[in-house]
Protein chains: 4
Amino acid sequence: MIQVTRLDLADARLLLDGAKAKATEIGVPMCIAITDEGGNLLAFERMEGGKVTSITIAIDKSFTASGAKKATHEYGAAAQPGAPAHGIGSAIGGRLMVVAGGLPVMAGGECVGGIGVSSGTPGQDREVAEAGLAAFEATL
Amino acid sequence: MIQVTRLDLADARLLLDGAKAKATEIGVPMCIAITDEGGNLLAFERMEGGKVTSITIAIDKSFTASGAKKATHEYGAAAQPGAPAHGIGSAIGGRLMVVAGGLPVMAGGECVGGIGVSSGTPGQDREVAEAGLAAFEATL
Amino acid sequence: MIQVTRLDLADARLLLDGAKAKATEIGVPMCIAITDEGGNLLAFERMEGGKVTSITIAIDKSFTASGAKKATHEYGAAAQPGAPAHGIGSAIGGRLMVVAGGLPVMAGGECVGGIGVSSGTPGQDREVAEAGLAAFEATL
Amino acid sequence: MIQVTRLDLADARLLLDGAKAKATEIGVPMCIAITDEGGNLLAFERMEGGKVTSITIAIDKSFTASGAKKATHEYGAAAQPGAPAHGIGSAIGGRLMVVAGGLPVMAGGECVGGIGVSSGTPGQDREVAEAGLAAFEATL
C-alpha cells in the first residue's frame, strides 16, 4: 500500500477564498471548484452572477488538473490544430478540459488536488485560479 | 416577465453550516449540496470522510428537491412498487432521486432552492438536511 | 492536508489472483476490477468466458464499494421495495451497484480500495470477491 | 457463421508487461488497457503515478484501435482541420480517440485486439504501446 497526501476541506476553504477575493477585485463573479488528488469534488461555490454553464466547466477543469497533474492551459496549447493532442478535449465524455482556468495544487512535489475556475475569459479564469493557489501556498 | 426569489451564496452558507453542525453532532461526515430554485448548484462541501459516491448523490438530491419543489423522501414513498410513480427514480439519467436527504428550501410560500445530503442512512441524511433548513429558516 | 492509505498495483495483483483462483475452483470465469480508495480503477481482468456485460458491472461494483466504503450486497438489502434506499440503484448514472459482488478493502480500520466481481450469480460474485479479499488480508 | 481469432488474457499479459517495461525505462508511469477484437476490455493496469484522467483515455484508445482496426494517431492526422475526418473525435460520446497511444493488435493479417496507453505525451504513449505490441509479436 502507499501513502498519499491530499487536500482537506480547510485547504479547500483557503483556495476558494483566495480565488473569490481576486474575482471580486477584477469584478468577474466566478464558479470555483476544488477537487482532491483523485479528481473527486471537495468544495464548490458559485458566486452571485457566476454562469450556470460554468458549474460543470469549473468542476471539470479542477478534475482535469488534479487527475492529470497538469494545468488545463497546457492542454490547450497541446490541443491546437496540428499539435499532438489535438482532439483530446472531447475525451472522458468531454470532461477533459483544454481551456485555461484549471490548475493542479502541488505540495512537497506531489499533486494533492486541483482548482478549477470558470465564468470569465480563459485568462481571467486562470488569474483567479492562480490567486486561489497563492493563498493556499502562503500557508504551507 | 416575472420576478423570482432565490437563495444566494450567503444563504447557502447558512444551510451548509447548519447541516454540518448536525452531521458532526451525530458523527456522520456528509456530502452536502445547495442548489438554487432552478436546480443549479450554488455550493457544495464534502466533509472529511464523506463518501466519494455521495458527491453526485447529494447534488442530485438537491437538484431533485429544488427542481421539483418536493422532498426526495416523498418521491421515495410514491416510487414504491404499486405506487403511481414507481420507476421515476431512473428518470433524467438517474438524477431524479427517490431516497431521503433532499429537501426544497421554501420562503414566503415559494421554493427558493434546495439542500441535498448523502453519506449516512437515508434517515440520517434527512435529519442533517432538516438541520440545515432550520438554520436558514431561523434567519428569515 | 491529510494522509490517506491506498492500494497499489501489487496489492491489486493479490486481490485479482485470489479472486481468480476461487473463480477457477468454482468453474465460473469472472470479470474482476480493483479500485483505489477514491473509486478510481487500478486494475481489471476479464477471464476467458467472463461476460462482456460484466466489464462495466465489475468496475462499478468496485467503484461503489470503495467510494461508499460499503459492500454492494448491503445496498441490495437497503434497496428492496419498502426499504429506505429503494431506488438508489439508478443513482450516479446507474453506477451505484446494489447487487452482491462489490466489497470495500479495509486496512487498519480504513477503506483503502475495493474489489468488484461479476459474471456469476450474485452469490458467486460475492464468494469470489471475498476470496480476493482473503488473499490480500493474508499478507497484512 | 464465422470463426474469429482474438486475444486472450495470457496475450494481454504479454502486451501489458511489454508496455510497462518501456514505461519504466522512460520513467513515465502509464495507464495501459487491452481490448479484444470486439473492442471489449480484457485487462487494465494503472501504474503507480499513472493519471486518473488517463484511465478512461487508455481504455478508449484501445477501444478505438481494436474496434476500428486502426491506430489512433492515424485518426489524429485525419482529424486535423481541413482533413476529411475533422470532428470525428467527439463521436461515440467522445470515445473515438484521435490522439496517439492506441494501436490495433494484428495477427495473421487480422485485427485480434488493441492496446491503449495514456499518461505521457502522445509520443510517449505511442512508444509504450509499440513496446507492448513488440513483446506480443515476439511470441507469434
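The values are calculated or read from the model by the stated rules, or taken from the named source; none is laboratory data. For clarity, every value in this text was computed on a predicted model and none was experimentally measured. Don't worry about glycine lacking a Cβ; one is built from the backbone with ideal geometry, like all the others, and counts go over all protein chains shown. Surface accessibility is based on the protein's heavy atoms, side chains included, excluding ligands, DNA and RNA. Shrake-Rupley method; radii C 1.70, N 1.55, O 1.52, S 1.80 Å.
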Failed criterion for residue D:122 (all others in (1) under 12 Å from the mean Cα position of the chain (by Cα); (2) of a type outside the set (A, V, I, L, M); (3) surrounded by fewer than 24 Cβ atoms within 10 Å (Cβ to Cβ); (4) at positive phi hold): (4)
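Quick one: is residue D:88 free of Cβ contacts under 8 Å to residues at least 12 places away in the same chain, among the β-branched types (Val, Ile, Thr), closer than 21 Å to residue A:97 by Cα and within 14 Å of chain A (Cβ to nearest Cβ)? Don't jump to the end; show me each part of the working.
Numbers: free of Cβ contacts under 8 Å to residues at least 12 places away in the same chain: no; among the β-branched types (Val, Ile, Thr): yes; closer than 21 Å to residue A:97 by Cα: yes; within 14 Å of chain A (Cβ to nearest Cβ): yes.
Taking the combined requirement at face value, the residue does not satisfy it.
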Condition broken by residue C:3, with the remaining ones in (1) closer than 17 Å to residue B:52 by Cα; (2) within 11 Å of chain A (Cβ to nearest Cβ); (3) open to solvent by less than 20 Å² (accessible area, probe 1.4 Å) satisfied: (3)
Criterion (within 18 Å of residue B:55 (Cβ to Cβ), within 14 Å of chain A (Cβ to nearest Cβ) and open to solvent by less than 20 Å² (accessible area, probe 1.4 Å)) met by exactly one of C:93, C:38: C:38
Residue count for segment D:41-75, restricted to those that are without any contact (Cβ under 8 Å) to a residue 24 or more places away in the chain, under 12 Å from the mean Cα position of the chain (by Cα) and either open to solvent by 30 Å² or more (accessible area, probe 1.4 Å) or on the phi > 0 side of the Ramachandran plot (or both): 1
Whichever residue in segment A:98-108 is open to solvent by 30 Å² or more (accessible area, probe 1.4 Å) and among the aliphatic types (A, V, I, L, M) and, among such residues, is nearest to residue D:97 (Cα to Cα): A:98
Qualifying residue in segment D:101-112 (condition: free of Cβ contacts under 8 Å to residues at least 12 places away in the same chain and facing chain A (nearest Cβ under 9 Å)): no
Residues within segment C:109-127 that are over 17 Å from residue C:34 (Cβ atoms) and touching a Ser or Thr at 6+ places or on another chain (Cβ under 7 Å), tallied: 0
